[in-house]
Amino acid sequence: MGEPISHITIVGGGTAGWIVASYLNHKLQWGIGARPGVRITVVESPRIPTIGVGEATVPTLKATLRLLQIDEDEFVARTDATIKLAIRFDDWQRPLGDGRMHSYLSPFSGGRNVGGSYPASPFVAYGAGTDDRGGDFQAVTGLAWAAAEARRGPRKIDGPPFSGVLQYAYHVDAAGLAAFLKEICLERGVAYVADDVVAIEQDERGMITSLSLAEHGRWPTELVIDCTGFRGLIVNEMLGEPFDSFADYLLNDRAIPIQVERDDRTVLSAQTEARAMNAGWSWRIPLHGRDGTGLVYSSAFANDDEALTELERLLGPTATRLTSPRTIKMRVGRTRRSWVKNCIAVGGASGFMEPLESTTILAIELAARWLLKNFPTTDFESALAGRFNREIDRFYDEVRDFLGLHFALSDRDDTPYWRAVRHDAKRSDTLTENLALWRHRLPIREDVRAGAAFGHVAIQGVLIGKGFYHDAAPAMAGVVPRSIWDRHRADLRAQQHVLSHALPDHFALIEAIRARAVHGISAGHVPGIAAIDEEALLAQTQLLREG
Ligand SMILES: Cc1cc2nc3c(=O)[nH]c(=O)nc-3n(C[C@H](O)[C@H](O)[C@H](O)COP(=O)(O)OP(=O)(O)OC[C@H]3O[C@@H](n4cnc5c(N)ncnc54)[C@H](O)[C@@H]3O)c2cc1C
């Protein structure tokens with residue numbers, strides 16, 4: 001039996017580095033059950049910048065903040081955060097019959113059950129009927145749609161933190177999030193060294209015994225967390241672990257981010273917008289003080305100049321640019337084993353799926369949780385590493401397949417890119433098998449691994465949103481009677497109306513939250529509170545977009 005690990009070095013100070021530092025600090029240094037003598041250090045290059053994009057999140061971040069006992073008001077104020085209720089997908093399918101742009105919503109709150117079951121079955125069986133809401137599944141069946149359309153927040157102005165009548169996540173300033181977590185980590189005992197790792201020393205078993213830092217020299221360590229981003233400095237470059245590309249599955253490999261001023265900053269959407277473009281898609285993420293925008297594209301179908309021209313055209317001549325555009329090369333895929341010897345890669349060093357579903361921060365949070373669940377001793381037990389790596393692999397494979405749905409099920413064929421993503425992009429055997437199955441019935445719980453990030457409800461939403469059942473509804477067992485369905489839709493419509501009037505304006509809610517944080521009404525970071533059932537909290541938020 002090995003000894004408890006007491007000296008951990010995290011290399012990299014981006015989102016991955018500081019989220020992992022926060023988790024390890026909470027569990028090993030600062031929170032309940034902390035062990036004396038544990039040292040955690042973040043070593044960050046003063047020369048190499050962080051990626052600085054990554055501004056849409058999923059609701060797991062709420063669980064992370066609660067676990068770390070970070071005050072929500074302060075978090076919102078410090079990271080320029082806003083509320084995210086949903087992603088809106090514009091133009092991913094051909095225009096509607098009447099010429100309007102196709103648009104559908106993917107919210108974190110699903111529809112209300114009808115006759116004891118989720119509304120997907122009756123929606124598919126009976127259709128939307130004559131409805132002026134465009135026949136969008138979420139518009140007809142869900143409450144989040146109404147709130148998102150009316151730009152409402154998910155709870156009353158004076159409602160308690162982390163709560164809401166609708167499930168939500170945040171839009172955050174990426175650099176602000178890393179800086180905020182850094183400050184908290186340093187307050188709570190994490191050490192920080194600004195220096196470059198230039199080499200590693202290994203023992204006869206291949207374990208890293210020390211890092212060589214450009215200025216500080218030899219840095220002995222027991223456990224290394226590689227958070228160096230797409231470069232994978234330690235895991236890939238120094239330990240030689242291969243990176244398995246998913247470029248055949250997900251064709252987008254470049255991105256150009258630009259931050260812009262919002263025309264009217266008080267008009268604050270609570271949706272991430274993802275609009276399909278000629279050779280990729282563009283995003284718009286509304287923060288309190290500005291919007292993050294950009295284009296994700298495939299370099300096989302547009303060169304960088306063409307991509308920038310398309311993005312500039314979309315933004316229009318009058319938009320005030322706050323940053324200059326830059327091109328980011330995305331390394332899409334996963335490191336074959338994220339845990340190798342005594343090095344564990346997290347974030348971009350571990351893997352990256354293109355950002356359509358905002359899954360990187362989620363991947364980082366899950367890696368931190370799985371690491372703590374499988375925390376080794378100085379023997380670095382291979383069974384623990386094996387289990388960790390299996391969880392990571394499954395996660396990336398599932399996300400890859402979920403993302404694949406968005407492209408494979410598009411009916412656009414107006415550019416070579418759209419024809420390629422539909423017909424030439426590789427599909428996993430699992431996705432191929434599932435798509436054949438889902439032709440005949442809706443996705444059910446058993447089709448998806450327990451605890452998977454995207455459950456069957458999220459998958460149903462994408463399939464229906466993209467018109468998968470438009471021409472041929474599958475035979476439905478136990479569909480609720482038509483009369484109940486009609487009554488349900490009428491009730492829901494009334495509830496949507498009430499909700500969109502009862503909930504506060506999103507901008508007003510964010511302003512109120514920021515004002516509370518500034519006035520110090522919030523509790524701040526309070527150590528030693530045992531009020532949270534960690535397991536329940538973390539398990540509960542793994543499921544996204546359940547009913
Ligand atoms: C276009 C785009 C959009 C995205 N959108 C989202 C999104 O909406 N939601 C989401 O969750 N994620 C998103 N992401 C992902 C996100 O931006 C980051 O990939 C993620 O936060 C992980 O970054 P990281 O911390 O691993 O790496 P980085 O931010 O690249 O940080 C790397 C760190 O390693 C340090 N480093 C490098 N070399 C050395 C060395 N030799 N010695 C010491 N330190 C070193 C650097 O100084 C830096 O601190 C997006 C990514 C892209 C490209």
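Rundown of residues vs (1) of a type outside the set (V, I, T); (2) touching a Pro at 6+ places or on another chain (Cβ under 8 Å), yes/no style:
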{"site": "G2", "(1), (2)": "yes, yes"}
{"site": "V11", "(1), (2)": "no, no"}
{"site": "N25", "(1), (2)": "yes, no"}
{"site": "T57", "(1), (2)": "no, no"}
{"site": "T64", "(1), (2)": "no, no"}
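Being over 18 Å from G240 (Cβ atoms) and surrounded by 24 or more Cβ atoms within 10 Å (Cβ to Cβ) holds for only one residue in G351, G347, and it is G347. Pairs meeting the criteria (first residue in segment 178-196 and under 14 Å from G31 (Cα atoms) and modelled with pLDDT under 95, second residue of a type in the set (K, R) and assigned to a helix (DSSP H, G or I), beta carbons under 7 Å, at least 6 apart or on different chains) are lacking.
For segment 60-81, a tally of residues being over 17 Å from the mean Cα position of the chain (by Cα) and within 15 Å of the ligand (Cβ to nearest atom) returns 1.
Per the listing A307, A319, the residue uniquely at pLDDT 95 or above, surrounded by 15 or more Cβ atoms within 10 Å (Cβ to Cβ), more than 29 Å from I8 (Cβ to Cβ) and touching a Ser or Thr at 6+ places or on another chain (Cβ under 9 Å) is A307.
Considering segment 199-243, and only residues there that are surrounded by 13 or more Cβ atoms within 10 Å (Cβ to Cβ) and charged (D, E, K, R), the residue that is farthest from the ligand (Cβ to nearest atom) turns out to be E222. Scanning segment 28-42 for residues that are near the ligand (Cβ under 9 Å from one of its atoms) and within 27 Å of R326 (Cβ to Cβ) turns up at least one hit. Of all the residues in segment 326-368, those that are more than 7 Å from the ligand (Cβ to nearest atom) and either under 17 Å from G280 (Cβ atoms) or basic (K, R) (or both) number 13. Take T57 and tell me if it is more than 23 Å from A276 (Cα to Cα), crowded, with 23+ Cβ neighbours inside 10 Å, at pLDDT 95 or above and polar (S, T, N, Q). No. Restricting attention to segment 439-491, the residues that are under 19 Å from Q93 (Cα atoms) and outside any loop (DSSP other than H, G, I, E, B) add up to 8. Hey, R427 hits all of (1) in contact with a helix residue (DSSP H, G or I) (Cβ under 7 Å, 6 or more places away or on another chain); (2) among the charged types (D, E, K, R); (3) modelled with pLDDT of 90 or more; (4) exposed (fewer than 13 other Cβ atoms within 10 Å of the Cβ) but one; which does it fall short on? Here R427 meets the rest and fails (4). Checking each residue in segment 279-317 for being basic (K, R) and under 27 Å from G176 (Cβ atoms) picks out R284, R290.
Kindly provide the set of residues from segment 379-407 that are hydrophobic (A, V, I, L, M, F, W, C) and buried (at least 19 other Cβ atoms within 10 Å of the Cβ), ordered by number. Selection gives F380, A385, F388, I392, F395, V399, F402, L403, L405, F407.
Remark: pairs (first residue in segment 1-20, modelled with pLDDT of 95 or more and within 9 Å of the ligand (Cβ to nearest atom); second residue among the basic types (K, R) and not in a loop (DSSP other than H, G, I, E, B); Cβ separation under 8 Å; 6+ apart in sequence or on different chains) = G13/K182; W18/K182.
Scanning segment 246-263 for residues that are of a type in the set (S, T, N, Q) and either part of a loop (DSSP other than H, G, I, E, B) or within 18 Å of the chain's Cα centre (by Cα) (or both) yields a total of 1.
Would you check if S269 is more than 13 Å from the ligand (Cβ to nearest atom), at pLDDT 95 or above and crowded, with 22+ Cβ neighbours inside 10 Å? Before the answer, list the steps.
Numbers: more than 13 Å from the ligand (Cβ to nearest atom): yes; at pLDDT 95 or above: yes; crowded, with 22+ Cβ neighbours inside 10 Å: yes.
For S269, the condition - more than 13 Å from the ligand (Cβ to nearest atom), at pLDDT 95 or above and crowded, with 22+ Cβ neighbours inside 10 Å - is met.
Screening G333, G351 for residues that are touching a Ser or Thr at 6+ places or on another chain (Cβ under 9 Å) and touching a residue at least 60 places away in the same chain (Cβ under 8 Å) leaves exactly one candidate, G333.
Selection over segment 368-395 of residues that are among the acidic types (D, E), in contact (Cβ under 8 Å) with a residue 40 or more places away in the chain and part of a helix (DSSP H, G or I) gives a count of 1.
Suppose we filter T57, T50 for residues that are closer than 23 Å to P161 by Cα, touching a residue at least 12 places away in the same chain (Cβ under 8 Å) and within 15 Å of the ligand (Cβ to nearest atom); which single one remains? So that I can check it myself, show each step before the final result.
Values: T50 fails: closer than 23 Å to P161 by Cα.
Only one candidate passes the filter, namely T57.
Against the definition (crowded, with 20+ Cβ neighbours inside 10 Å, β-branched (V, I, T) and over 30 Å from R412 (Cβ atoms)), how does I19 come out, yes or no? Yes, satisfied.
Quick test for you: out of A475, A453, A490, pick the one residue that is free of Cβ contacts under 8 Å to residues at least 12 places away in the same chain, on the phi < 0 side of the Ramachandran plot, out of contact with any Gly (no Cβ under 9 Å at 6 or more places or on another chain) and not charged (D, E, K, R). First the steps, then the outcome.
Values: A475 fails: free of Cβ contacts under 8 Å to residues at least 12 places away in the same chain; A453 fails: free of Cβ contacts under 8 Å to residues at least 12 places away in the same chain.
Residue meeting the stated conditions: A490.
Scanning segment 151-163 for residues that are small (G, A, S) and at pLDDT below 95 yields G159, S163. Applying the criterion of being free of Cβ contacts under 8 Å to residues at least 40 places away in the same chain and under 23 Å from the mean Cα position of the chain (by Cα) to the residues of segment 396-440, the residue that is farthest from F468 (Cα to Cα) is D397.
Those residues that are of a type in the set (S, T, Y) and more than 22 Å from the chain's Cα centre (by Cα), I need them from segment 1-35; list them, please.
The answer is S6, T9.
Considering only segment 280-304, state which residues are away from the ligand (no atom under 14 Å from the Cβ), surrounded by fewer than 19 Cβ atoms within 10 Å (Cβ to Cβ) and not charged (D, E, K, R).
If we filter segment 280-304 for residues that are away from the ligand (no atom under 14 Å from the Cβ), which is where we start, we get 288-290, 300-303.
Going one step further and asking which of them are surrounded by fewer than 19 Cβ atoms within 10 Å (Cβ to Cβ), we end up with 289-290, 300, 303.
Matches in segment 280-304: G289, A300, N303.
The values are calculated or read from the model by the stated rules, or taken from the named source; none is laboratory data. It should be emphasised that the depicted structure is a prediction, and the values quoted were computed from it without experimental measurement. Cβ coordinates were reconstructed from backbone atoms using ideal geometry, including for glycine residues, and neighbour counts include every protein chain displayed.
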